[in-house]
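Heads up: the structure comes next, in structure tokens.
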Amino acid sequence: MTKTSIQLLRGADTIGGTCVRIMYGDDSILLDYGKPLMASGGLEISSEAVNAPTLDNGILLDLLGAGKPPLAMLISHAHPDHYGLIDFAIKDMPVYMNLLSKELIKVGNIFYTDAMRVAHIDEVKTFEVCQSFTIGPFSIVAYPMDHSAFGACSLLISVGGKRIFYTGDFRGHGRRNGGLTPEMIGSLNDCDVMLMEGTTLGEGHPDVYASEKAVENAVVDICKLDNAPIMVAGSGSNVDRILSLYDAAKRTGREMVIDLYQLYLLEQLAKYDPNIPPLADDHLRVYYPRTQAQTIVKFVGKAWLYKHKKRQIRLDDIDTVNGRYIFRLSNFYSKRISGLYMKSEIQPKLVYSMWKGYMDQQDSFADIADMVGSDWEYVHTSGHAYLSHLKELAAAIAPKNLIPMHTLYGDSFPEHFDNVRIVSNDGVFAL
């Protein structure tokens, strides 16, 4: 009888760099192929090695093994630690992802550095959520998941009478109400294996703010304290967070200032969701960083800049007497604009709205705080599920076997979940 098995090529004891092989006899498919954020056990990894990946330096993985090439690669979402190595996948092997993920990567191809671009993105095939498709003997259904990457999906793979559910990265506290509906969860019952992420286990992701709505409300409260401008340090690609700030600005009568990258990203996604700004006559303003403007002219065309010119705000346009803005810009421009306010004897409020680890990696955060004379206020909720939501999903699906991955704390899973099976990197779990 043909056997079904699962191999964790990477991700058993790390966050990021995920890659999983699902095997059925001689056939196989791969789930994700991302650039690692860290070495095994959370140890620091060389950025030079990550940007020049090879098998010898351990960044690339042996996707062939001893068998025939995998039939395809499926990408769960558009974060580089899940898709960043697809240019190095086996030649002629098809790669599949959600259309929204493909759009996000195409935007990144315009604005990111060469090392982060995906040369073969136009060749990537797309799948639709909640619609079954087949690759060889494998039947696959992608389900939408709430995550900080727009368009994130989980994947249900059925083969050889076995059902394997790969959560990808997810959370239950974003702007999309958890992603999975009760009907979808019902269709996931009787899973033989659930491969579940556990990013937030441990102390690196404090749950001070329980949801995106809580983040929005906290920013509203800060805005109401006084008329000072708000400088927000956050990911320009985290669309949920941009929307939380956008709504906070609207609720408090402020204008939100973003850069050209964020505006272009929002505009591309608005083609699929009419509620995403920019909207007619809204409170969104745009600062034109020179390098981003040059990039737009090169890849999109000068006409696009003129189309949005009514939203443009220059340094000279900023009312440094009245702090009616929420800024979500790079640290370089946040520092520059904060300096203008300090000359007018107005102290900006500093809001830090992403994973705390980034603050230790960049001196620019301390530079801004020293200049302003104020600490950064932490207002953030994770892009990943907290333990309570991990437990809820595991209880709702009740898999026969639960394999932890995308975590530094896989060994602690048996304390919280039933039917846990620990699989090491390169380890194989047979069904």
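The values are calculated or read from the model by the stated rules, or taken from the named source; none is laboratory data. Predicted model only: the values in this text are computed from it and were never measured. Methodologically, a virtual Cβ is constructed for each residue, glycine included, from the backbone with ideal geometry; neighbour enumeration extends over all protein chains shown.
Quick notes
- Residue check, V159 closer than 30 Å to M354 by Cβ and hydrophobic (A, V, I, L, M, F, W, C): no
- Residue check, I164 touching a strand residue (DSSP E or B) at 6+ places or on another chain (Cβ under 7 Å), part of a helix (DSSP H, G or I) and either touching a residue at least 24 places away in the same chain (Cβ under 8 Å) or farther than 30 Å from M73 by Cβ (or both): no
- A single member of I75, I86, I121 is over 20 Å from I15 (Cα atoms) and modelled with pLDDT of 95 or more, and it is I121.
- Residues of the stretch 320-361 classified as of a type in the set (V, I, T), farther than 17 Å from Y246 by Cα and either within 26 Å of the chain's Cα centre (by Cα) or assigned to a helix (DSSP H, G or I) (or both), total: 1
- Test for R328: is it of a type outside the set (A, V, I, L, M), crowded, with 18+ Cβ neighbours inside 10 Å and in contact with a Lys or Arg (Cβ under 7 Å, 6 or more places away or on another chain): no
- Sole exception among (1) assigned by TED's automatic domain parsing to the domain that holds D240; (2) within 25 Å of P206 (Cβ to Cβ); (3) surrounded by fewer than 18 Cβ atoms within 10 Å (Cβ to Cβ) for D319, by number: (2)
- Leading residue by the ranking (surrounded by the most Cβ atoms within 10 Å (Cβ to Cβ)) among those in the stretch 274-303 that are of a type in the set (D, E, K, R) and in contact with a helix residue (DSSP H, G or I) (Cβ under 9 Å, 6 or more places away or on another chain): R285
- Residues of the stretch 397-406 include at least one that is over 27 Å from F150 (Cβ atoms), of a type in the set (S, T, N, Q), in a strand (DSSP E or B) and in contact (Cβ under 8 Å) with a residue 60 or more places away in the chain.
- In summary, Y306 fulfils each of the numbered conditions (1) without any contact (Cβ under 8 Å) to a residue 12 or more places away in the chain; (2) in contact with a helix residue (DSSP H, G or I) (Cβ under 8 Å, 6 or more places away or on another chain) with the single exception of condition (2).
- Single match in E267, E212 (criterion: in contact (Cβ under 8 Å) with a residue 60 or more places away in the chain and charged (D, E, K, R)): E212
- Test for L180: is it in contact with a strand residue (DSSP E or B) (Cβ under 7 Å, 6 or more places away or on another chain), in a strand (DSSP E or B) and either within 24 Å of E392 (Cβ to Cβ) or of a type in the set (V, I, T) (or both): no
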